[in-house]
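Comments concern the structure below.
Read-outs throughout are calculated quantities, based only on the coordinates presented, and are distinct from any laboratory measurement. Computed from a predicted model, the values in this text were never measured in an experiment. When we count neighbours, we look across all protein chains shown, and the Cβ atoms used for this are built from the backbone with ideal geometry, even at glycine.
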Amino acid sequence: MRVRGSGVNPVCFRWARDYLPARMKATDIRKGHVIMMDGQPVRVMDFTHRTPGNLRAFVQLRLRNLVTGNTFDTRVSATDFLDEAQLDTKEFQVLYRDGGGVHVMDLQNYEQHTLDEDTVLDAGPWLQPEMVVQVEWLDGRPIAIELPSVVELDVVETAPVMRSATKTASSKPAKLSNGVTVQVPDFVNEGDRVRVDPRAGTYLERAK
């Protein structure tokens, strides 16, 4: 069936509308966005808008290839449009980790999957049993993990608290119960439970 006088098949029009990738202006790119570059999905790790004198404005990008794991820098014109990756995000619970990878369970249908190191990347040390994470899928395969914004962990090793330590004092390294070391205020002691942003690897506050 065709729309009279239009010469356009409505079924084909709907297919194109549903399957053509969304386009994003370079100046609208933000950290965490996943775009397609040279046919592969890349995540924006950092970005800077630059207008050098009389030259044309551009956006400096630091990208991580979600297929290879490689990180690289590039620049695009501020007037360019880039294709957004068509991702499907699903909620999974971490079960356990072994030599084969990280085993997770889909919380909707209870199917289990194994995420390899290329998918886990820097998220690996933060993944603990029973943790709920968002797994991003592209073309039927997992390509990346989005960690929660806050996790609570115990401090297992750090320097003793100094008497003069205050909430505005300098920081010190502290090893957490998952083996990751972060910077914490001087008043934090071994055995304290702290809240951390695992995506940035930064201390937030002591757990209440």
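Yes or no: segment 142-161 includes at least one residue that is of a type in the set (D, E, K, R), without any contact (Cβ under 8 Å) to a residue 12 or more places away in the chain and farther than 30 Å from Q86 by Cβ.
No, segment 142-161 has no match at all.
What are the residues in segment 38-79 that are in contact with a Leu (Cβ under 7 Å, 6 or more places away or on another chain) and under 21 Å from G140 (Cβ atoms), if any?
Result: P41, V42, R43, G69.
Going through segment 68-85 one residue at a time, which ones are surrounded by fewer than 15 Cβ atoms within 10 Å (Cβ to Cβ) and either under 21 Å from V120 (Cα atoms) or among the aromatic types (F, W, Y) (or both)?
T68, G69, N70, T71, F72, F81 - these are the residues of segment 68-85 that are surrounded by fewer than 15 Cβ atoms within 10 Å (Cβ to Cβ) and either under 21 Å from V120 (Cα atoms) or among the aromatic types (F, W, Y) (or both).
Would you mind stating whether Q128 is within 16 Å of the chain's Cα centre (by Cα) and within 19 Å of G201 (Cα to Cα)?
no
Of W126, W137, which residue is in contact with a Gly (Cβ under 9 Å, 6 or more places away or on another chain), touching a residue at least 12 places away in the same chain (Cβ under 8 Å) and among the aromatic types (F, W, Y)?
Checking each option against the conditions leaves just W126.
Within segment 124-134, count every residue that is over 10 Å from V94 (Cβ atoms) and crowded, with 17+ Cβ neighbours inside 10 Å.
Total satisfying the criteria: 0.
Inside segment 48-67, can you point out the residues that are outside any loop (DSSP other than H, G, I, E, B) and of a type in the set (S, T, Y)?
T48
Count, please, the residues in segment 22-47 that happen to be free of Cβ contacts under 8 Å to residues at least 24 places away in the same chain, part of a strand (DSSP E or B) and over 27 Å from D118 (Cα atoms).
Total satisfying the criteria: 0.
Which residues, taken from segment 81-112, are assigned to a strand (DSSP E or B), farther than 24 Å from V150 by Cα and within 20 Å of the chain's Cα centre (by Cα)?
L82, D83, E84
Consider T119 against the criteria (1) surrounded by 13 or more Cβ atoms within 10 Å (Cβ to Cβ); (2) in a strand (DSSP E or B): it satisfies all of them except one. Which criterion is unmet?
(2)
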